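These notes are about the structure you will find just below.
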Amino acid sequence: MSRIIESYQEQLTQVFPLKKQALIHCITNSITSESVANAILFMGAKPVMASDSREVKDFLKQADALFINLGHLSQEQEKSILLASDYAGKVLCPIVVDAVGVGVSSLRRCLVEELLQKEPKIVKGNFSEMRSLCGLATHARGVDGHMADQTTEAIEELREKFQEMTLGYPKTVFVATGVRDLIVSSQQHLLLQNGVFALDQVTGTGDIVGGLMAVFLAEGYSAVVSAMFAISYLNCCGEQAFTKTKGLYDFRNDLFNQLADLQKQRDWYGAIKGEVK
Ligand SMILES: Nc1ncnc2c1ncn2[C@@H]1O[C@H](COP(=O)(O)OP(=O)(O)O)[C@@H](O)[C@H]1O
Ligand SMILES: Cc1ncsc1CCOP(=O)(O)O
Ligand SMILES: [Mg+2]
């Protein structure tokens, strides 16, 4: 049994089925919006994609968590993101920030820095995005992570930077995804090891995992546990889907089937691999 399972076994055995049909307010990108909405639905929660600044507060009043994804930023979306994050802060609605493209665009980097002031529960991105956010050298290109930013040395360097970040932002958990996944809070850090390469070849898997983190936060789990559940569950679904399918599009479809189905197996979490420190 892996250290991760040992440390979180009680919560892992009880997480599914989800206890409330949490409403997740998503301000996200138009490229993968449908994938994120269906992933949240297939998990057993409810998505709403609303990003017009004139109505964002109305939707947020009903929401159990707010997912902000910078993937397709516009001036109007920036206005909505700032309004929504202010309001969420006031009503204590947990926020996940997905720093998509932050490795390339200084506009996005400044926005994430502003969002950090609102005390989001989780700030996530792939290794290239998160290294860039932390001021480390990065091979970020477009919205994808680069393997050179995921060597053991690069991961360790980022872990140290994340720990420094938690001194300034103790209420935020920092997450980097890729072949391995790093989760760092002011108290502990986790390194996860599940998933398959096909998850990197399908667009939107990073966005989905951000949406799932918001689902688990809405269910009342801590930020570390929510990040771990979201990544581990998606990646176990990816492993299952990969064994069954021939092509990438089949893989994508079966990944969604697995999101709905794997949770029905009591021992779904048995394949989780990783370390806790
Ligand atoms: N090469 C890989 N091997 C295993 N899992 C991966 C791989 N690449 C990505 N993943 C998983 O896919 C999900 C999306 O991660 P990633 O592709 O890094 O995000 P993004 O789409 O934001 O770049 C995460 O759960 C991550 O663990
Ligand atoms: C292709 C693309 N361009 C802007 S956002 C986006 C989708 C990114 O999705 P993910 O970060 O989950 O790979
Ligand atoms: Mg991706």
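For this structure, a couple of remarks:
- The residue pairs whose first member lies in segment 181-193 and is touching a residue at least 12 places away in the same chain (Cβ under 8 Å), whose second member is of a type in the set (Asp, Glu) and within 16 Å of ligand 1 (Cβ to nearest atom), and whose beta carbons are closer than 6 Å, counting only pairs six or more residues apart or on different chains, are Leu191/Glu275; Leu192/Asp181.
- Test result for Lys57, open to solvent by 50 Å² or more (accessible area, probe 1.4 Å), in contact with a helix residue (DSSP H, G or I) (Cβ under 6 Å, 6 or more places away or on another chain) and farther than 23 Å from Ser185 by Cα: yes
- Screening segment 67-101 for residues that are over 15 Å from the mean Cα position of the chain (by Cα) and outside any helix (DSSP H, G or I) and picking the one that is farthest from ligand 3 (Cβ to nearest atom) gives Leu92.
- Matching residues in segment 256-267 - criterion: being modelled with pLDDT of 95 or more and either exposed (fewer than 15 other Cβ atoms within 10 Å of the Cβ) or more than 13 Å from Leu199 (Cα to Cα) (or both): Asn257, Gln258, Leu259, Ala260, Asp261, Leu262, Gln263, Lys264, Gln265
- Checking each residue in segment 156-169 for being open to solvent by 10 Å² or more (accessible area, probe 1.4 Å) and either within 10 Å of ligand 1 (Cβ to nearest atom) or in contact with an Asp or Glu (Cβ under 9 Å, 6 or more places away or on another chain) (or both) picks out only Tyr169.
- Top-ranked residue of segment 170-203 - restricted to ones that are outside any strand (DSSP E or B) and either under 19 Å from Glu113 (Cα atoms) or open to solvent by less than 10 Å² (accessible area, probe 1.4 Å) (or both), ranked as nearest to ligand 3 (Cβ to nearest atom): Ala198
- The C-beta contact set for segment 231-255 (first residue closer than 12 Å to Ala198 by Cα, second residue charged (D, E, K, R) and open to solvent by less than 30 Å² (accessible area, probe 1.4 Å), distance under 9 angstrom, 6+ apart or interchain) comprises Asn235/Asp181; Cys237/Asp254; Gln240/Asp254; Ala241/Asp254; Phe242/Asp254; Thr245/Asp254.
- Extreme residue, farthest from Gly204 (Cα to Cα), among residues of segment 103-148 that are open to solvent by 50 Å² or more (accessible area, probe 1.4 Å) and touching a residue at least 60 places away in the same chain (Cβ under 8 Å): Lys121
- Checking each residue in segment 141-169 for being within 16 Å of ligand 2 (Cβ to nearest atom), in a loop (DSSP other than H, G, I, E, B) and touching a Ser or Thr at 6+ places or on another chain (Cβ under 9 Å) picks out Val143, Gly145, His146.
Every residue, every condition in (1) hydrophobic (A, V, I, L, M, F, W, C); (2) within 16 Å of ligand 2 (Cβ to nearest atom); (3) touching a strand residue (DSSP E or B) at 6+ places or on another chain (Cβ under 9 Å), yes or no:
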site: Thr177; (1), (2), (3): no, yes, yes
site: Gly204; (1), (2), (3): no, yes, no
site: Ser226; (1), (2), (3): no, no, yes
site: Cys237; (1), (2), (3): yes, yes, no
site: Thr243; (1), (2), (3): no, no, no
site: Trp268; (1), (2), (3): yes, no, no
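- Ser33 open to solvent by less than 50 Å² (accessible area, probe 1.4 Å) and farther than 17 Å from Thr203 by Cα: no
- From the options Arg54, Arg109, residue that is more than 16 Å from ligand 3 (Cβ to nearest atom), closer than 23 Å to Glu160 by Cα and basic (Lys, Arg): Arg109
The values are calculated or read from the model by the stated rules, or taken from the named source; none is laboratory data. On a predicted model such as this, the values are computed, not experimentally measured, just so you know. Quick reminder, even Gly has a Cβ in these numbers, built from the backbone with ideal geometry, and neighbours come from all protein chains shown. For the accessible areas, the whole protein counts, side chains as well, though only heavy atoms, and no ligand, DNA or RNA atoms are used. Shrake-Rupley method; radii C 1.70, N 1.55, O 1.52, S 1.80 Å.
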